[in-house]
Amino acid sequence: MKAQKTGFTLAEVLITLGVIGVVAALTMPTMVQNYKKHLTLNRLKKAYSEVNQAFHLSEVDNGPSESWSIPKNTNTEGALYVVENYLLPNLKTAKYCKSDKLDKCGFTPINYLSPNEATGGKLAETGADFYIITASGYGISGFGGGMDDKDNNYSPHLHIYIDTDGPSHGKNTFGVDIFRCLLQLNNSSKTSPKGLGMYGISNKVTREDLISKDCRYGNYCGAVIQYDGWQIKDDYPAKF
């Protein structure tokens, strides 16, 4: 008597493959999102750390930032002076462009996550005083503020946009791959302490405010991440 052969029929194989396909379709988007979230967070933390270190090293070399000889004519002139004299010497840089040649560094308009009245109806930020491409591959753009001593209200600071995946890559959107920081150069601000912090972080803000209002259009999303101890939690408004 011949032994009976055992195995899967074609129908059984097709059903099994179908089940595997359904499971993959259900889980793959979550896996991709988690990977992108992890990658973005690591890049942001690395870039933030390098900019912060450049600032502190410059204070070691040149004294406290309050004593830096920053021109008080215009915000743009002040911003370029700070970048060129105090930040660039301590940043490993691949390329540096000023406002009139941003395209040479691959700068493109930065999209708002969800344009609304808070953005003044604008869909994107279209310019900057400077753009830096670092040796690590990420981009740093931004502009100066409070540097012109207008109305005797001298409060020098830099608005810094960290582009985690560099120029001409990704969605180029606030809260997704671009995060806004504030580098306060003295202690004149009532809400933002001296030094580097994600834009929107202050001693008067709550997480609920950041989530429900400001992060909805992307500008303060980095503050949510910093507020949460450098984590991207499940209720984070942006998708990667």
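The values are calculated or read from the model by the stated rules, or taken from the named source; none is laboratory data. As the structure is a prediction and not an experimental result, all values here were calculated from the model. No Cβ is skipped: glycine too gets one built from the backbone with ideal geometry, and neighbour counts run over all protein chains shown.
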Check your understanding: Which pairs have Cβ atoms under 6 Å, sit 6 or more apart or on different chains, and link a residue in region 107-129 that is within 18 Å of LEU210 (Cα to Cα) to one that is charged (D, E, K, R) and modelled with pLDDT of 65 or more?
Key -> SER114/ARG216
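A quick yes/no check of all residues on (1) among the aromatic types (Phe, Trp, Tyr); (2) out of contact with any Phe, Trp or Tyr (no Cβ under 7 Å at 6 or more places or on another chain); (3) surrounded by fewer than 18 Cβ atoms within 10 Å (Cβ to Cβ); (4) at positive phi:
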| position | (1), (2), (3), (4) |
| --- | --- |
| ALA54 | no, yes, no, no |
| GLY63 | no, yes, yes, yes |
| ASN73 | no, yes, yes, no |
| GLU77 | no, yes, yes, no |
Check your understanding: Is it fair to say LEU41 is among the aliphatic types (A, V, I, L, M), buried (at least 16 other Cβ atoms within 10 Å of the Cβ) and out of contact with any Leu (no Cβ under 9 Å at 6 or more places or on another chain)?
Key -> yes
Practice item. Please go through region 40-62 and pick out each residue that is touching a residue at least 40 places away in the same chain (Cβ under 8 Å) and under 14 Å from the mean Cα position of the chain (by Cα). Key: THR40, LEU41, ARG43, LEU44, LYS45, LYS46, ALA47, TYR48, GLU50, VAL51, ASN52
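Under the condition of being part of a loop (DSSP other than H, G, I, E, B) and of a type in the set (Gly, Ala, Ser), which residue from region 211-236 is modelled with the lowest pLDDT? Talk me through it step by step, then tell me what you get.
Step one: filter region 211-236 for residues part of a loop (DSSP other than H, G, I, E, B), giving 213, 217-220, 228-236.
Now drop any that are not of a type in the set (Gly, Ala, Ser), which leaves 218, 229.
Numbers: GLY218: 83, GLY229: 93.
Only one residue tops the list, namely GLY218.
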Check your understanding: Quick one: would you say TYR86 is modelled with pLDDT of 90 or more and buried (at least 18 other Cβ atoms within 10 Å of the Cβ)?
Key -> yes
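Conditions (1) closer than 24 Å to MET198 by Cα; (2) among the hydroxyl-bearing types (Ser, Thr, Tyr); (3) in contact with a strand residue (DSSP E or B) (Cβ under 7 Å, 6 or more places away or on another chain), marked per residue:
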residue: LEU17; (1), (2), (3): no, no, no
residue: GLY21; (1), (2), (3): no, no, no
residue: PHE55; (1), (2), (3): yes, no, yes
residue: SER67; (1), (2), (3): yes, yes, no
residue: LYS72; (1), (2), (3): no, no, no
**Study point:** Hits in region 167-210 - residues which are free of Cβ contacts under 8 Å to residues at least 40 places away in the same chain, assigned to a loop (DSSP other than H, G, I, E, B) and buried (at least 17 other Cβ atoms within 10 Å of the Cβ)
**Key:** SER192, GLY200, ILE201
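Quick check on ILE225: is it over 14 Å from the mean Cα position of the chain (by Cα) and of a type in the set (Val, Ile, Thr)?
Details: over 14 Å from the mean Cα position of the chain (by Cα): no; of a type in the set (Val, Ile, Thr): yes.
So ILE225 fails the test.
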Practice item. Please enumerate the residues belonging to region 80-108 that are assigned to a helix (DSSP H, G or I) and under 19 Å from the mean Cα position of the chain (by Cα). Key: VAL83, LEU87, LEU88, LEU102, CYS105
